[in-house]
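The values are calculated or read from the model by the stated rules, or taken from the named source; none is laboratory data. Since this is a predicted model, take the numbers as computed values, not measurements. Neighbour counts are summed over all protein chains in view; Cβ atoms, including those assigned to glycine, are modelled from backbone coordinates with ideal geometry. SASA here: full protein model, heavy atoms, side chains in, ligands and nucleic acids out. Shrake-Rupley method; radii C 1.70, N 1.55, O 1.52, S 1.80 Å.
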Amino acid sequence: MRWEVLGRRTHDDAWTAVGAVHAPDRDLALLLAKESFFRHGEGVDLAVVLLADIHRFAEPELLEPSTDKSYRLQRGYPLGDKRRRAAERVQAAGATIDRPRPADRRARNTEHRSREAPSS
Amino acid sequence: MTDVQTVAGTSLDQAKLALLLALADDELVIGHRHSHWTGVAPQIEEDLAFSSIAQDEIGHAVVWYTIAADTASGSGRAEGASLDALGLGRPMEGYRNAILVERENRDWAFTIARQYLYDTADDVRLEALAGSSWLAVADATGALRREERYHLLHAHAWVDRLADGPVEARRKLGDGLVAAFGEALGLFEPLPGEEELVAEGILPAPHAELLQRWLDLVAADLSRVGLERVLEEGAVAGEGEMVATSSGEMAPAEVILAGPHVTRRGDQWVPVGEFRGRGGRHGIHSEDFPAVWEEMTGTYRAHPGARW
């Protein structure tokens, strides 16, 4: 029997799939999963679920977008030209941009995405 | 090379060292034997689990060797006794592991039978040592028992399932347990200086008492899975051909560890008779030991004192 192994890295994290084990029953699956995926302090929580108990969406082809959805994504809005033109205007005006970029761009982006998530 | 076993010291110092070497050498040698399954265990997941247990046991050996080295050098008699020298630099007769742990793995059933009997015994003695008056030893038991908890879960998972059948699995497990049982009693062979260790509270209970605790646990498990025949057929400790020392001399028959055997008294299985002769706790080993000693210590002996 194949069991999917789930883990949580910290108590604040959601469950994520970390792998799979073959085992004849639940208890052995848990025992084997511990040593297969949690030997080096990988997490604080471990669970297994029988592959047969995972219900797959019946029509995975529907997961592929059938029309252009680029307008829902940041990358759908090319900003390169706009930026270049702005830079040229700044230069033509004899000005400089003296403020450094915000330090933690990644954190800012994540925050931005999560704020937008529900509407997309 | 400093041989911590031969340094002069009070008899209590020697007894304390005998205790640590018994604990450490059991773990080192069974860990080494377990590691022989790496790559060839019955199943990939089990391969990982069993290899991990092997590493755990060797890690436990390091804990005990560290206390031994600290103790020896702290009292100024074994300067520079490094862990490698202590763990890998001794001649065969310097090893104080019980004979059970040096036996070849034979088959998976014997391996599981031995792992079950050994880790049950290890848990009994760690539980006792948690109350030791020697604080370094008592403190070490906590972390070790947490890992041993997994080892016990692993052993019980396999014993329960193999005992459940099919018929061949059940028979092989029973045979493995019978083959290992007699020498498992040897894990409780009294240590040199045991009386002093008990009197000082370093060993909170004599091995005879620990043996009974172990036997109660094992008898309950075997009865639950319907394998009481193991207790009836289990050979007496010390069975098997013995070799004594690295000089190749055979141990005279009268010094080979023998007895006790077990019998049912009312509802309880009890050991009958005393240990006679000497076994692993006195450096007397079986014919299976030279090969594993050779392999285990070969690299160290080829490059003594090397830093890794």
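So, by mean Cβ neighbours within 10 angstrom, what's the order for B:48-58, B:157-167, B:175-185, A:20-30 with the highest one leading? Walk me through the numbers on the way to the answer.
Numbers: B:48-58: 21.4, B:157-167: 16.3, B:175-185: 24.2, A:20-30: 17.9.
Final packing ranking: B:175-185, B:48-58, A:20-30, B:157-167.
Once every Cα of segment A:2-53 carries one equal point scatterer and solvent is ignored, give the base-10 log of I(q)/I(0) from the Debye formula at q = 0.16, 0.23, 0.27 Å⁻¹, two decimals.
With no solvent term, the Cα-only Debye profile gives -0.39, -0.77, -1.01.
Assigning unit charges at the beta carbon (Lys, Arg +1; Asp, Glu -1) and nothing else, what dipole magnitude in debye, to the nearest 20, does segment A:2-53 show about its Cα centre?
120
Positive end of the charge dipole of segment B:11-301 (Lys, Arg +1 and Asp, Glu -1 on Cβ, about the Cα centre): tell me which of B:Leu197, B:Ala169, B:Ala18 has its Cα farthest that way.
B:Ala169
According to a simple spin-label model (label point 7 Å from Cα along Cα-to-Cβ), what is the distance in nm between A:Asp45 and B:Thr299?
4.0
Give me the distance in nm between label points sitting 7 Å out from Cα along the Cα-to-Cβ direction at B:Thr38 and B:Ala291, one decimal.
1.9
In Å, what Kirkwood hydrodynamic radius results for segment B:87-203 from the alpha-carbon pair distances?
Details: mean 1/r = 0.0631 Å⁻¹.
Hydrodynamic radius (Kirkwood, Cα only) of segment B:87-203 equals 15.8 Å.
For chain B, find the longest principal axis of its Cα atoms and tell me its angle to the long axis of helix B:108-129, 0 to 90°, nearest 10.
The two axes meet at around 60 degrees.
With the dipole of the protein assembly as shown worked out from charges on the C-beta (+1 for Lys and Arg, -1 for Asp and Glu) around the Cα centre, which of B:Ala98, B:Gly87, A:Phe57 lies farthest toward the positive end?
After comparing all options, I get A:Phe57.
When chain B is modelled as a GNM with alpha-carbon springs shorter than 10 Å, which of B:Ala98, B:Ala113, B:Ala205 fluctuates the most?
Of the options given, B:Ala205 has the highest mean-square fluctuation.
Using a simple charge model, +1 on the beta-carbon of Lys and Arg, -1 on the beta-carbon of Asp and Glu, nothing else, what dipole does chain B show about its Cα centre, in debye to the nearest 20?
Working: 26 positive and 50 negative charges, 25 e Å.
It comes to approximately 120 debye.
Counting heavy atoms of the protein chains only and a 1.4 Å probe, report the per residue accessible area for the protein assembly as shown as a whole number of Å².
I get 53 Å² per residue for the protein assembly as shown.
In debye, nearest 20: dipole of segment B:76-188 around its Cα centre with unit charges on the Cβ of K, R (+) and D, E (-)?
Roughly 100 debye for segment B:76-188.
On a 0 to 90 degree scale, rounded to 10, what angle separates helix B:44-74 from the longest Cα axis of chain B?
30
I'd like the FRET efficiency for B:Leu83 and A:His22, computed as 1/(1 + (r/R0)^6) with the beta carbon distance as r and R0 of 30 Å, rounded to 0.05. Provide the component values of the computation, followed by the final result.
On the way: r = 38 Å, r/R0 = 1.27.
The pair B:Leu83/A:His22 has a calculated efficiency of 0.20.
If one takes the longest principal axis of the Cα atoms in chain B, at what angle in degrees, from 0 to 90 and to the nearest 10, does the Cα axis of helix B:207-224 lie?
30
Over the protein assembly as shown, one equal point on each Cα, no solvent: what is log10 I(q)/I(0) by the Debye formula at q = 0.08, 0.11, 0.12 Å⁻¹?
-0.57, -0.88, -1.01
Which residues in segment A:61-80 place their backbone N less than 17 Å from a point set 7 Å from the Cα of A:Ile97 along the Cα-to-Cβ direction?
Hits in segment A:61-80 for A:Ile97 at 17 Å: A:78-80.
Under a crude label model (7 Å from the Cα following the beta-carbon direction), how far is B:Asn105 from B:Glu200 in nanometres?
3.8
I want the local charge near B:Ser132. Using Cβ-Cβ distances under 14 Å, sum +1 for each Lys or Arg and -1 for each Asp or Glu among the other residues. Write down the numbers at each step before the final one.
Values: positive: B:Lys16, B:Arg125, B:Arg145; negative: B:Glu127, B:Asp139, B:Glu194, B:Glu196, B:Glu200.
Result for the local shell: -2.
Would you mind telling me the antiparallel percentage of the DSSP bridges in segment B:11-301, rounded to 5?
Details: 8 of 9 bridges.
Antiparallel bridges make up about 90 percent of those DSSP assigns within segment B:11-301.
Can you grab the distance from the C-alpha centre of segment B:159-189 to the C-alpha centre of segment A:33-93, Å, no decimals?
52
Using just the helices of the protein assembly as shown, give the 222 nm mean residue ellipticity in deg cm²/dmol: DSSP H runs with n ≥ 4 each add -39,500 (n - 2.57), and the total is spread over all residues, rounded to 500.
Taking each H run of at least 4 residues, the total per residue is -16500 deg cm²/dmol.
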